[in-house]
Amino acid sequence: MQNLEGPNINLRALEPEDLDFLYNIENNESFWEISHTQTPFSKFILRQYLENAHLDIFEAKQLRLLIEDKSTKRQLGMIDVFDFNPQHKRAGIGILIHPDFQQNGYASEALSVLINYAFSHLNLHQLYANITSDNAKSISLFTKHKFEKVGVKKEWILSEGKFKDEILFQLIK
């Protein structure tokens, strides 16, 4: 599907064979802050999630795509569309690249592909991202793609006993 391809990556639907990758990502405590997770996921629960991943974005109000290396088919990370609101033509975006594959341009390419897909195929008017103020890599990534800082939620995220500000970034078509 050309709409979800970049020069080096594909964005694709989750498949049953992605279970181990998903299990490792979802149970990596270093990612829990950004996913607002507090407990581990079982393979049983994740298998059920994969079985329901076929639901249409208009029904589920979210879409999770796997970021895959085009040439090797290696799983690199995931990109999510969440809080999909077709009435107001907006959605949030979250992205995670496995630490082994960071700093290779995969996040930037995946975000570019997803922005194009969201505006051209999902007919969205705006996208947004919530990023903690100490996440310099994500702030740099989203500002590179023309997302603008529109607000700060003070002491919004409790992490390791300390509150962090969360910045709201927005991209309007």
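Let's see if you can work this out: charge +1 on each Lys and Arg Cβ, -1 on each Asp and Glu Cβ, no other charges. What is the dipole magnitude of the chain about its Cα centre, in debye to the nearest 20?
On the way: 19 positive and 23 negative charges, 124 e Å.
Charge dipole, the chain, about its Cα centre: 600 debye, nearest 20.
How many Å² of accessible area per residue for the chain, probe 1.4 Å? Each step should come with its number before you reach the end.
On the way: 10130 Å² over 173 residues.
That works out to 59 Å² per residue.
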Where does segment 57-137 land on Rg(C-alpha)/(2.2 N^0.38 Å)?
-> 1.13
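Can you list the DSSP H helices in the chain whose Cα atoms extend at least 30 Å along the helix axis and whose mean Kyte-Doolittle hydropathy is 0.5 or higher?
Working: long enough: none.
Within the chain not a single helix satisfies the rule.
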Can you send over the solvent-accessible area of H121, 1.4 Å probe, protein chains only, in Å² to the nearest 10?
-> 100
Per DSSP, loop GluC sites (Glu not before Pro) in segment 73-173 with at most 12 further Cβ within 10 Å = E160
Of all DSSP beta bridges having both residues in segment 51-173, the percent classed as antiparallel (nearest 5) is 90
Enter the Cα centre distance for the pair segment 61-109 and segment 127-173, rounded to the nearest angstrom.
-> 17
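In segment 94-173, what chymotrypsin sites (Phe, Trp or Tyr not before Pro) fall in a loop by DSSP, with at most 14 other Cβ atoms inside 10 Å? Intermediate results must be reported in sequence, preceding the final value.
Numbers: sites: F101, Y106, Y117, F119, Y128, F142, F147, W156, F163, F169; in loops: F147.
Sites meeting the loop and neighbour criteria: none at all.
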Solvent-accessible area, 1.4 Å probe, carbon plus sulfur percent, for the chain | 49
Ellipsoid equivalent to the chain - semi-axes via the Cα gyration tensor, in Å = 23, 21, 17
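The values are calculated or read from the model by the stated rules, or taken from the named source; none is laboratory data. Being a predicted model, the structure only gives us computed values, none of them experimental. FYI the Cβ positions are ideal-geometry reconstructions off the backbone, even for glycines, and counts take in every protein chain you see. Accessible surface is based on the protein model in full, side chains and every heavy atom, while ligands, DNA and RNA are left aside. Shrake-Rupley method; radii C 1.70, N 1.55, O 1.52, S 1.80 Å.
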